[in-house]
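One structure is given below, encoded as structure tokens.
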Amino acid sequence: MRFGRVFAVAAAASLALAGCAGGSTSGSGDSSTLKIGFMGDLTGENSGIVIPPRNGAKLAIDEYNKTNPATKLELKEYDSQGKPEQATSLIATAVGQDKITALIGPAFSGESKAIGGQLEQNKIPSVSPSATNPGLAENGWKYWHRVVANDNDQGPAIANFLITSKSPKKAYVISDDQEYSVGLADAFEKTFKEKNVPVDRDKFAKDASDYSSTVQKVKAANPDVITFGGYYAQGGRLLKQLRDGGVTATFATGDGSLDAQLVSGAGAAAAEKAVIGCPCNIKDAGTGDEFVTKYKAAFNVDPAIYATEGYDAATAIINAVKGGNTTAEKINEFLKTVDFKGASKQIKFKENGEPQTNAIYVYQVTGGAIKNLGASTEAKLNG
């Protein structure tokens with residue numbers, strides 16, 4: 001029902017916005033400024049996985065503007081708090097009032113689904129640094145892109161890694177009711193079934209705080225591995241309650257939980273040895289990597305999840321503008337041709353907006369910290 005209301009609002013907003021967009025420029029003299037939006041959860045419960053890509057995008061745009069180009073870029077931030085209905089309202093402002101030329105984001109899958117039609121109708125190109133729901137690429141959208149692998153890559157890679165590492169006799173899949181969470185859980189479940197691993201499944205409401213019913217079901221099933229398809233705010237609470245309830249099975253989750261707040265939410269003892277997969281390769285602070293150095297200098301913190309992807313999403317748009325493409329439609333045409341070595345990976349889009357590169361990396365909580373174990377095809381668990 002919630003999404004029914006969202007789509008109704010989206011349809012009305014789309015009609016109001018039609019014809020309003022078009023990549024306007026402002027300024028005086030020989031210079032002009034294009035407004036580039038960034039949309040995602042910047043202050044909500046899962047903002048820890050959106051602030052890094054926002055910072056990455058800001059870093060790329062700041063670097064570009066310092067070259068004193070003829071066409072400068074202004075980053076306009078839209079804090080959706082990860083809520084589809086809030087994103088629907090914000091995109092009306094972004095397109096109709098602010099007249100953005102392109103959008104970096106939305107960060108999450110639910111909000112991407114909610115406003116994708118509006119972006120398409122108004123011909124605003126978007127590049128998401130982090131939305132992973134597979135269905136986003138199946139809408140026939142021509143103005144939509146992402147720089148990360150989807151959950152049909154992520155889910156099987158994590159499940160197959162667990163099968164190889166733990167040889168489970170039984171698995172349990174859990175999600176909440178968010179778009180991203182359900183999609184990733186679907187991918188987990190499908191893979192376990194394909195590999196003949198018996199699997200049970202349960203779902204709880206996003207805003208619930210007591211997961212005792214789920215914990216009891218898991219305990220009764222006595223699985224060897226548990227996979228959760230959601231964000232760290234829910235994942236941390238779930239993991240704590242599972243451990244408090246005496247469930248000791250290996251716990252694994254996806255990119256939405258790749259944040260230190262998974263550990264703090266569960267407690268270090270409960271989170272120890274938890275496994276997290278991600279279509280992202282977070283740069284180690286000790287490598288001397290150029291991006292790590294620049295990011296740390298700009299924000300006084302080490303880059304975290306999707307920081308490089310935010311940088312690369314912005315760079316794809318920047319490269320279009322560098323090539324003289326200063327309208328939304330011309331930027332979109334240019335995105336069909338991009339092929340560059342980004343901070344995260346080689347950036348190139350398929351015809352449906354998906355990235356060409358789809359490697360998945362595995363992380364594990366060790367000693368209270370999240371450690372990168374490497375690509376899922378090569379990683380080895382620490383216990």
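For the stretch 220-230, does any single residue satisfy the condition of being surrounded by 20 or more Cβ atoms within 10 Å (Cβ to Cβ), in contact (Cβ under 8 Å) with a residue 60 or more places away in the chain, out of contact with any Phe, Trp or Tyr (no Cβ under 7 Å at 6 or more places or on another chain) and closer than 27 Å to Thr164 by Cβ? I'd like the intermediate steps shown before the answer.
Step one: of the stretch 220-230, the residues surrounded by 20 or more Cβ atoms within 10 Å (Cβ to Cβ) are 223, 225-230.
In the following step, the residues that additionally are in contact (Cβ under 8 Å) with a residue 60 or more places away in the chain were identified as 225, 227, 229.
Now restrict to residues that are out of contact with any Phe, Trp or Tyr (no Cβ under 7 Å at 6 or more places or on another chain): 225.
Right, trim to closer than 27 Å to Thr164 by Cβ and you get 225.
Among the residues of the stretch 220-230, at least one is surrounded by 20 or more Cβ atoms within 10 Å (Cβ to Cβ), in contact (Cβ under 8 Å) with a residue 60 or more places away in the chain, out of contact with any Phe, Trp or Tyr (no Cβ under 7 Å at 6 or more places or on another chain) and closer than 27 Å to Thr164 by Cβ, which makes the answer yes.
Residue by residue, here is whether (1) in contact (Cβ under 8 Å) with a residue 12 or more places away in the chain; (2) within 19 Å of the chain's Cα centre (by Cα); (3) over 20 Å from Gly256 (Cβ atoms) holds:
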site: Asp284; (1), (2), (3): yes, no, yes
site: Gly288; (1), (2), (3): no, no, yes
site: Ile318; (1), (2), (3): yes, no, yes
site: Val338; (1), (2), (3): yes, no, yes
site: Gly342; (1), (2), (3): yes, yes, yes
site: Pro355; (1), (2), (3): yes, yes, no
site: Ile370; (1), (2), (3): yes, yes, no
site: Lys380; (1), (2), (3): yes, no, yes
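Suppose the filter is under 23 Å from the mean Cα position of the chain (by Cα) and either modelled with pLDDT of 90 or more or outside any loop (DSSP other than H, G, I, E, B) (or both); does Asn68 pass it?
Values: under 23 Å from the mean Cα position of the chain (by Cα): no; either modelled with pLDDT of 90 or more or outside any loop (DSSP other than H, G, I, E, B) (or both): yes.
No: the conditions fail for Asn68.
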Failed item in (1) farther than 30 Å from Leu373 by Cβ; (2) surrounded by fewer than 22 Cβ atoms within 10 Å (Cβ to Cβ), with Glu290 passing the rest: (1)
Leading residue by the ranking (modelled with the lowest pLDDT) among those in the stretch 47-64 that are within 30 Å of Ala208 (Cβ to Cβ) and buried (at least 24 other Cβ atoms within 10 Å of the Cβ): Ile49
Output the residues belonging to the stretch 7-46 that are buried (at least 20 other Cβ atoms within 10 Å of the Cβ) and modelled with pLDDT of 50 or more. Leu34, Ile36, Gly37, Phe38, Met39, Gly40, Asp41, Asn46
Among the residues of the stretch 137-165, which ones are aliphatic (A, V, I, L, M) and surrounded by 24 or more Cβ atoms within 10 Å (Cβ to Cβ)? Val147, Val148, Ala157, Ile158, Ala159, Leu162
Going through the stretch 325-357 one residue at a time, which ones are open to solvent by 50 Å² or more (accessible area, probe 1.4 Å) and of a type in the set (Lys, Arg)? Lys330, Lys336, Lys341, Lys348, Lys350
Among the residues of the stretch 92-104, is there at least one that is in contact with a Lys or Arg (Cβ under 7 Å, 6 or more places away or on another chain) and among the acidic types (Asp, Glu)? yes
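Listed here are the residues, each with its yes/no results for (1) in a loop (DSSP other than H, G, I, E, B); (2) among the hydrophobic types (A, V, I, L, M, F, W, C); (3) farther than 27 Å from Phe161 by Cβ.
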position: Ile318; (1), (2), (3): no, yes, yes
position: Thr326; (1), (2), (3): yes, no, yes
position: Glu333; (1), (2), (3): no, no, yes
position: Ala343; (1), (2), (3): yes, yes, no
position: Thr357; (1), (2), (3): yes, no, no
position: Gly374; (1), (2), (3): no, no, no
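Name the residue that is farthest from Ala297 (Cα to Cα), counting only residues in the stretch 65-74 that are among the polar types (S, T, N, Q) and open to solvent by 60 Å² or more (accessible area, probe 1.4 Å).
So the first thing to find is which residues in the stretch 65-74 are among the polar types (S, T, N, Q), and the list is 65, 67-68, 71.
Then drop every residue that is not open to solvent by 60 Å² or more (accessible area, probe 1.4 Å), which leaves 67-68.
Working: Thr67: 18, Asn68: 21 Å.
For the stretch 65-74, the residue satisfying everything is Asn68.
Output the residues belonging to the stretch 327-364 that are of a type in the set (A, V, I, L, M) and more than 24 Å from Thr33 (Cα to Cα).
Restricting attention to the stretch 327-364, the residues satisfying the condition of being of a type in the set (A, V, I, L, M) are 328, 331, 335, 338, 343, 347, 359-360, 362.
Residues satisfying the conditions are Ala343, Ile347, Ala359, Ile360, Val362.
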In the stretch 113-137, anything under 21 Å from Pro279 (Cβ atoms) and small (Gly, Ala, Ser) is listed as Gly116, Ser126, Ser128, Ser130, Ala131, Gly135, Ala137
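Quick check on this structure: which one of Val199, Val182, Val218 is among the β-branched types (Val, Ile, Thr), farther than 15 Å from Lys169 by Cα and at pLDDT 95 or above? Even if it seems obvious, please write down each step before you answer.
Numbers: Val199 fails: farther than 15 Å from Lys169 by Cα; Val218 fails: farther than 15 Å from Lys169 by Cα.
So the residue among Val199, Val182, Val218 that is among the β-branched types (Val, Ile, Thr), farther than 15 Å from Lys169 by Cα and at pLDDT 95 or above is Val182.
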Considering only residues that are over 17 Å from Ala205 (Cβ atoms) and acidic (Asp, Glu), look in the stretch 177-191 and name the one that is least open to solvent (accessible area, probe 1.4 Å). Glu189
Does Arg201 satisfy being touching a residue at least 40 places away in the same chain (Cβ under 8 Å), of a type in the set (D, E, K, R) and touching a strand residue (DSSP E or B) at 6+ places or on another chain (Cβ under 6 Å)? no
Does Ser89 satisfy being touching a residue at least 60 places away in the same chain (Cβ under 8 Å) and on the phi < 0 side of the Ramachandran plot? yes
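The values are calculated or read from the model by the stated rules, or taken from the named source; none is laboratory data. Bear in mind that the values here come from a model prediction, so they are computed numbers and not experimental data. Because the Cβ atoms are built from the backbone with ideal geometry, glycine has one as well, and the counts that use them run over all protein chains shown. Side chains included, ligands, DNA and RNA excluded: accessible areas come from the protein's heavy atoms. Shrake-Rupley method; radii C 1.70, N 1.55, O 1.52, S 1.80 Å.
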